[in-house]
Amino acid sequence: LNVRWYPVFRLLVPAYEAASEVHHVYGGMGEWFFLRALHRRPVVITAAAAAPPLPAGMYRHVRAVVVHSRESMRGLEEAGVDGDRLRLIYPGIDLDRFQVLPRSPGRRFRVLFATAPDTRHGIDTRGVGLLLEAARRLPDVEFVLRWRPWPESLPHARRMVAELGLSTVRLSSELVADMRDVYRDADATV
């Protein structure tokens, strides 16, 4: 849900909650907007983004928190999130649908980054700076950064690539309905 739609969402929450049995919040432990708005049904959080936890009372309707790594799980335990509610589920990929194909002869090794952050702060927390540093050090490798048209982070990422003069980095922001070809076109995905 784009932040521009939050006011509309607040108006629709009663109807939304009446039609739902469980709410799934994908983002991080700092999703205060949804945690304040959704309070009649159980909530499951997929904490895919690093964010400091909110006060414990904000999580009273959260039945489970799913994380994608042991480090995230440890961090949330250390921050005081109840371990009984934490679940480690590694992100899966359907290898029948996303098949690896051999690289075309003569093409550079290609690295794909396809989890663009929506904020400028997220550029640091998701390791974009590290990828650009890798691109600077590996001029024979092509880096493709798939970006959603986020109004805050996309212009900043474009400036970073331009300022570093990285000709082997391609920042692509058009929306893609089916990512299969994008993944097939890469040799490694970050």
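Quick one: in the range 166-190, of everything that is touching a residue at least 40 places away in the same chain (Cβ under 8 Å) and more than 17 Å from L101 (Cα to Cα), which residue is least open to solvent (accessible area, probe 1.4 Å)?
Filtering the range 166-190 for residues touching a residue at least 40 places away in the same chain (Cβ under 8 Å) gives 168, 179-180, 182-190.
Keeping just the survivors that are more than 17 Å from L101 (Cα to Cα) gives 168, 190.
On the way: T168: 17, V190: 90 Å².
Here the answer is T168.
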Provide a single number: the residues in the range 117-133 that are small (G, A, S) and modelled with pLDDT of 85 or more. 2
Considering (1) surrounded by 12 or more Cβ atoms within 10 Å (Cβ to Cβ); (2) in contact with a helix residue (DSSP H, G or I) (Cβ under 7 Å, 6 or more places away or on another chain), say which one A48 fails and leave the rest. (2)
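Yes/no per residue for (1) among the small types (G, A, S); (2) closer than 16 Å to L76 by Cα; (3) without any contact (Cβ under 8 Å) to a residue 12 or more places away in the chain:
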| residue | (1), (2), (3) |
| --- | --- |
| V8 | no, no, yes |
| L11 | no, no, yes |
| H24 | no, no, no |
| L35 | no, no, no |
| P52 | no, yes, no |
Go through the range 125-145 residue by residue and tally those that are within 13 Å of the chain's Cα centre (by Cα) and open to solvent by 30 Å² or more (accessible area, probe 1.4 Å). 2
Take E163 and tell me if it is modelled with pLDDT of 85 or more, farther than 30 Å from V44 by Cβ, of a type in the set (D, E, K, R) and open to solvent by 50 Å² or more (accessible area, probe 1.4 Å). yes
Exactly one of (1) assigned to a helix (DSSP H, G or I); (2) open to solvent by 50 Å² or more (accessible area, probe 1.4 Å) is unmet by W150. Its number? (1)
Among residues of the range 69-109 being within 14 Å of A50 (Cβ to Cβ) and either touching a helix residue (DSSP H, G or I) at 6+ places or on another chain (Cβ under 8 Å) or polar (S, T, N, Q) (or both), the residue surrounded by the fewest Cβ atoms within 10 Å (Cβ to Cβ) is S69
From (1) basic (K, R); (2) modelled with pLDDT under 85; (3) open to solvent by less than 90 Å² (accessible area, probe 1.4 Å), pick out the condition that doesn't hold for R41. (2)
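The values are calculated or read from the model by the stated rules, or taken from the named source; none is laboratory data. This one's a predicted model, so the numbers in the text were calculated from it and none came from an experiment. Cβ atoms come from the backbone with ideal geometry, glycine included; neighbour counts cover every protein chain shown. Heads up: the accessible areas ignore ligands, DNA and RNA and are worked out on the full protein's heavy atoms, side chains in. Shrake-Rupley method; radii C 1.70, N 1.55, O 1.52, S 1.80 Å.
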